[in-house]
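Data first, discussion second: the structure below is written as structure tokens.
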Amino acid sequence: MAKKENKCSVRFESIKIDSVYEVLDALSWLDEPDMKQIAQFSGIDPRTAGKVLKNCVQIGIVKEVTSGYFVLTIPYPYKGSKEQKEVVLKEAIFRMPLISSLRQFLKVGEILEDALRKAATVQKIENYDKSSIDPLIKWATKLNTLSMDLQIDDFADEGLKHKESRHQDDSDQKVVFLSHSSKDKSFIRQLTADLTSEGILVWLDEQQINVGDSINKAINQGLAESDYFVIAMSDNSVKSEWVERELNSALIDEIEEKKVKVLPIKLSECTFPLLIKDKKYADFTKHYKQGLQELIKAIKNGK
């Protein structure tokens, strides 16, 4: 009997790229959903949802927190334009170690087929099979991620250009980057709905930062496009590793360098970190409607 060949250790599913945004929409709104919930929310069949999730986990924009339950690992504009959502995927693919290695080999003149094989070897992909990685390469090609002119700083620069253009075309249109603890998700989803109804675009970031990662790395495009970095402070968030590790002077400098104002909101009684202790905040601790009005006024009046 012939010996069964070992399968490639990495395999991407061949699916339409638009289905990714439907799944990411679901993940940005639902609380650690399973595949069936994601499929129902997205209006796609579970089999397709499963394939999308598999690809997104390998790219690194989704992670499985417990068996069969998923969360986003990146900021995401739920009601954003298709172009904004494409940039999220494009930046994530660009940051993949496999794509980084591939671009290096392409840059020194290797043809794509050879460059991909060598990149896979560098990244310790076993039993290399080009057909198993081709779906990723098709996405990367469609999103122009393999362009040799593209650099990581271009994502932030593009975000800043979009912001400048938006300010010229519609000075009243505001964008906020809403950072919060995943434990406050129920509150934040209501807040997102209320802000969206006021014409404010929200980038959602659940602080799903992996150990060793930096939020400065994860928020490139979304932060650059935003007018406000709204950080939800609560008993949940101040106890989180994210606040202990990431809410530091380097982050504040990064935010302000991109002409983004830091605006805390207080969800429950808690002690603010020193760096934002003196900043004006919207208070939701006593009355939700009052806190919402304070926040909307601060955003729309530019304060």
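Taking Val71, is it assigned to a helix (DSSP H, G or I) and surrounded by 13 or more Cβ atoms within 10 Å (Cβ to Cβ)? Answer is no for this residue.
Can you tell me which residue is modelled with the highest pLDDT among those in the range 258-278 that are part of a loop (DSSP other than H, G, I, E, B) and hydrophobic (A, V, I, L, M, F, W, C)? This residue is Leu267. Of all residues in the range 122-137, at least one satisfies being outside the structural domain of His287 (by TED's automatic domain parsing) and basic (Lys, Arg). The set of residues from the range 82-132 being loosely packed, with under 14 Cβ neighbours inside 10 Å, of a type outside the set (Lys, Arg) and without any contact (Cβ under 8 Å) to a residue 60 or more places away in the chain comprises Glu83, Pro97, Val108, Gly109, Ile111, Glu113, Asp114, Thr121, Ser131. Of all residue pairs spaced 6 or more apart or on separate chains, those with beta-carbon atoms under 9 Å, a first member in the range 270-281 that is more than 16 Å from Tyr228 (Cβ to Cβ) and assigned by TED's automatic domain parsing to the domain that holds Ser179 and a second member that is in a loop (DSSP other than H, G, I, E, B) and aromatic (Phe, Trp, Tyr) are Phe272/Tyr281; Asp278/Phe272.
Would you mind finding the one in Lys90, Lys79, Lys51 that is part of a loop (DSSP other than H, G, I, E, B) and either under 25 Å from Asn144 (Cα atoms) or not assigned by TED's automatic domain parsing to the domain that holds Glu126 (or both)? Show your work before the answer.
Values: Lys90 fails: part of a loop (DSSP other than H, G, I, E, B); Lys51 fails: part of a loop (DSSP other than H, G, I, E, B).
When all the criteria are applied, what remains is Lys79.
Conditions (1) at pLDDT 95 or above; (2) in a helix (DSSP H, G or I); (3) β-branched (Val, Ile, Thr), marked per residue:
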residue	(1), (2), (3)
Phe12	yes, no, no
Asp31	no, no, no
Asn55	yes, yes, no
Glu83	no, yes, no
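For the range 12-35, what are the residues that are crowded, with 16+ Cβ neighbours inside 10 Å, over 19 Å from Val88 (Cβ atoms) and of a type outside the set (Asp, Glu)? Within the range 12-35, just Met35 meets the criteria. Residues in the range 158-182 that are farther than 26 Å from Pro264 by Cβ and surrounded by 12 or more Cβ atoms within 10 Å (Cβ to Cβ): 2 in all. All of (1) buried (at least 18 other Cβ atoms within 10 Å of the Cβ); (2) at pLDDT 90 or above hold for Ile255 with one exception: (2).
One line per residue, one yes/no per condition, for (1) touching a Ser or Thr at 6+ places or on another chain (Cβ under 6 Å); (2) over 23 Å from Lys138 (Cβ atoms):
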{"residue": "Cys8", "(1), (2)": "yes, no"}
{"residue": "Asp18", "(1), (2)": "no, no"}
{"residue": "Lys36", "(1), (2)": "no, yes"}
{"residue": "Val52", "(1), (2)": "yes, no"}
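Just one of the listed residues (Lys185, Lys161) is under 30 Å from Tyr69 (Cα atoms) and assigned to a helix (DSSP H, G or I), and it is Lys185.
Among the residues of the range 136-167, those identified as of a type in the set (Lys, Arg) and more than 20 Å from the chain's Cα centre (by Cα) are Lys138, Arg166. Among the conditions (1) surrounded by 14 or more Cβ atoms within 10 Å (Cβ to Cβ); (2) in a helix (DSSP H, G or I), Leu146 misses just one, which is (2). Screening Ile99, Ile133 for residues that are under 24 Å from the mean Cα position of the chain (by Cα), assigned to a helix (DSSP H, G or I) and farther than 30 Å from Lys163 by Cβ leaves exactly one candidate, Ile133.
The values are calculated or read from the model by the stated rules, or taken from the named source; none is laboratory data. Nothing here was measured: the structure is a model prediction, and the numbers come from that model. Glycine gets a Cβ as well: all are built from the backbone with ideal geometry, and neighbour counts include every protein chain shown.
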